[in-house]
Amino acid sequence: MILISWNIDSLNAALTGVSSRAHETQKILEKIHDIKPDVIAIQETKLRATGPTKKHQEILAQKFPEYDYVWRSSEEPARKGYAGTMYLYKKELKPKASYPKIGAPEPMDSEGRIITLEFPKCFVTQVYTPNSGNGLRRLSERQVWDKKYVEYLKKLDQKKPVLASGDFNCAHTPIDLKHPKNNHHSAGFTDEERKDFTNLLDAGFTDTFRKVNGNVEGVYSWWAQRVRTAKANNSGWRIDYWITSNRIADKIKRSEMVDTGARADHCPILLEIDL
């Protein structure tokens, strides 16, 4: 199986936008299609509660004709057009989709942050982890989310091996971001968030990128859009992950970033695994 996960930062902009950035995003969607992944996980779709519009559906059918898709959007009491996730998967796969609520503080559980696909041999699940926010105002709620999410993955893992991907909004170790000393108290690199990510791995899961690539430095999955030189200087963070159950970690073939050229924000991440 080849699987790709990507925080796309607005599916509407990606499909219908006409800006130069939208064109960059559309080229990356074409690149993803050319890779022919079995499953594509998309975070931060920012779609309305009713999901893809008719126009979106027409464009998806044109760009990804071999794929079916499922989606989950933010709904009340959460903000409209916020967060959201989607899976595209090859039509012949026919997984069973579920849209769990994990008992996290509201409105996090209503923000469309998790979708899970069940296959005969495994679960494939994606997450868009809540950001702790400016001034870490949401850190305490984020910590509850992290705890509940680990409990959810452990329940899945008791039934079948798990492949989990997404924007985890956490750089786990100092080599997972360019400037660790300057960001010790920044959202995504606090001691609390990093400890929670360690707890996730200690619960029986493997960071596939580190498994395959070891302690390589300077490889990131996100570069700030607001800092014009961030991408050019590779001043990034690795906050997007493919994680697997430990018992299938030896079946991982590749875990890597998909190059997005000059486009900042998130890049897609790819996992190849032989189940």
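Multiplying the sequence separation of Val70 and Asn233 by 0.36 nm and subtracting their Cα-Cα distance, what value in nm do you get?
55.0 nm
Could you give the radius of gyration (one decimal) and Dmax (whole number) of the Cα atoms in the chain, in Å?
17.3, 48
Would you mind computing Rg(Cα) / (2.2 N^0.38 Å) for the range 150-275, counting N as its residues?
Normalised Rg, Cα atoms only: 1.07.
Under a cut-off of 16 Å between alpha-carbon atoms, report the aspartates and glutamates in cross-link reach of Lys121, not counting same-chain residues fewer than 8 places apart.
List returned: Asp38, Glu92, Asp157, Asp250, Glu272, Asp274.
Starting with the highest mean, order 1-14, 125-138 by the number of other Cβ atoms within 10 Å, averaged over the residues of each peptide.
1-14, 125-138
Divide the volume of the convex hull of the Cα atoms of the range 6-148 by its number of residues and quote the answer in cubic angstrom per residue.
Spread over its residues, the Cα hull of the range 6-148 gives 120 Å³ apiece.
Among the lysines, which fall within straight-line cross-link reach of Lys147, defined as a Cα-Cα distance under 22 Å, with same-chain neighbours fewer than 8 residues apart omitted?
Lys101, Lys155, Lys159, Lys160, Lys195
Would you please give the residues with an amide H less than 5 Å from that of Thr125, counting only those at least 5 places away or on a separate chain, with H modeled from the backbone geometry?
Excluding prolines and chain starts, which carry no amide H, the hits are Leu117, Leu163, Ala164, Ser165.
Can you give the helix-only mean residue ellipticity at 222 nm for the chain, where every DSSP H stretch with n ≥ 4 adds -39500 (n - 2.57) and the sum goes over all residues, rounded to the nearest 500 deg cm²/dmol? It would help to have the intermediate numbers written out before the result.
Numbers: 6 runs with 71 residues, N = 275.
That comes out to -8000 deg cm²/dmol.
A short reminder: the numbers here are calculations on the coordinates, not readings from a lab. In this text, all values refer to a predicted model and were calculated from it rather than measured experimentally. Here Cβ is always computed from backbone atoms with ideal geometry, including for glycine, and neighbour counts include all displayed protein chains.
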